[in-house]
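The values are calculated or read from the model by the stated rules, or taken from the named source; none is laboratory data. Computed from a predicted structure; not experimentally measured. Here the Cβ is made from the backbone with ideal geometry for all residues, glycine too, and neighbour counts use every protein chain on show.
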Amino acid sequence: MPQCKVDSTSSPTLTKLLKKLRTKFRHVEDDLNEVIPDIAADYTTACNAARPPKRKLEWEHWKYDFGSSDLRRHPRESFRLIGVFLEAEEVAKVRTLYLILAWFKGEKPDVSSEEIRSAVGKLMEAMGQSELGDVDETPPAET
């Protein structure tokens with residue numbers, strides 16, 4: 001079974017989308033947190049996993065379904081989720097799947113390649129800033 005670590009907190013785009021969804025669906029984050037262990041255990045089959053073939057992106061990305069306890073709907077009729085791997089697959093290495101986009105299927109059937117690229121760009125920017133934040137940013141002394 002292909003396992004991975006799942007990161008649902010690093011993406012600023014996902015955070016913003018979940019906040020917006022929470023106004024209509026109070027338990028959307030609980031619903032998402034419920035499926036994360038399933039995705040981590042086997043990202044290729046969990047939650048009706050799919051690799052959208054029509055998109056030619058530079059990152060391996062997966063699309064998932066997850067249900068809504070607020071609507072009491074089947075996962076296929078509720079929310080969608082996009083996760084990306086930023087690093088290539090290597091033997092015996094556990095990769096991190098970054099969850100970057102979530103939406104309600106009743107409002108939007110799918111996302112565009114451009115939306116995925118934008119979300120990945122914001123994720124990479126946020127990750128770069130967090131890594132740079134650890135460095136002492138004292139300006140060099142003038143001579």
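Looking across the stretch 97-112, just one residue is surrounded by fewer than 16 Cβ atoms within 10 Å (Cβ to Cβ) and of a type in the set (Lys, Arg), and that is 108.
For the criterion of being within 17 Å of residue 111 (Cβ to Cβ), without any contact (Cβ under 8 Å) to a residue 40 or more places away in the chain, loosely packed, with under 14 Cβ neighbours inside 10 Å and among the charged types (D, E, K, R), residue 16 passes.
Taking the condition of being surrounded by fewer than 18 Cβ atoms within 10 Å (Cβ to Cβ) and either under 22 Å from residue 124 (Cα atoms) or not acidic (Asp, Glu) (or both), how many residues in the stretch 60-74 meet it? So that I can check it myself, show each step before the final result.
Within the stretch 60-74, the subset surrounded by fewer than 18 Cβ atoms within 10 Å (Cβ to Cβ) is 60, 69-74.
With either under 22 Å from residue 124 (Cα atoms) or not acidic (Asp, Glu) (or both) added as a condition, the list becomes 60, 69, 71-74.
So the count comes out to 6.
Looking at the stretch 19-59, which of its residues are part of a helix (DSSP H, G or I), touching a residue at least 24 places away in the same chain (Cβ under 8 Å) and buried (at least 18 other Cβ atoms within 10 Å of the Cβ)? Of everything in the stretch 19-59, those that are part of a helix (DSSP H, G or I), touching a residue at least 24 places away in the same chain (Cβ under 8 Å) and buried (at least 18 other Cβ atoms within 10 Å of the Cβ) turn out to be 21, 28, 31, 32, 35, 36, 39, 47. Restricted to the stretch 60-77, and to residues that are in a strand (DSSP E or B) and more than 14 Å from the chain's Cα centre (by Cα), which residue is nearest to residue 4 (Cα to Cα)? Here the residue is 68.
Residue by residue, here is whether (1) more than 13 Å from residue 8 (Cα to Cα); (2) small (Gly, Ala, Ser); (3) free of Cβ contacts under 8 Å to residues at least 60 places away in the same chain holds:
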residue: 67; (1), (2), (3): yes, yes, yes
residue: 73; (1), (2), (3): yes, no, yes
residue: 82; (1), (2), (3): no, no, yes
residue: 93; (1), (2), (3): yes, no, yes
residue: 98; (1), (2), (3): no, no, no
residue: 104; (1), (2), (3): yes, no, no
residue: 112; (1), (2), (3): yes, yes, yes
residue: 115; (1), (2), (3): yes, no, yes
residue: 118; (1), (2), (3): yes, yes, no
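Would you call residue 5 basic (Lys, Arg) and either part of a strand (DSSP E or B) or on the phi > 0 side of the Ramachandran plot (or both)? Yes. Taking into account only those residues within the stretch 75-96 that are aliphatic (A, V, I, L, M) and surrounded by fewer than 13 Cβ atoms within 10 Å (Cβ to Cβ), which is nearest to residue 45 (Cα to Cα)? Out of the qualifying residues, it is 94. From the list 111, 120, the one residue that fits, being within 14 Å of the chain's Cα centre (by Cα), part of a helix (DSSP H, G or I) and modelled with pLDDT of 85 or more, is 120.
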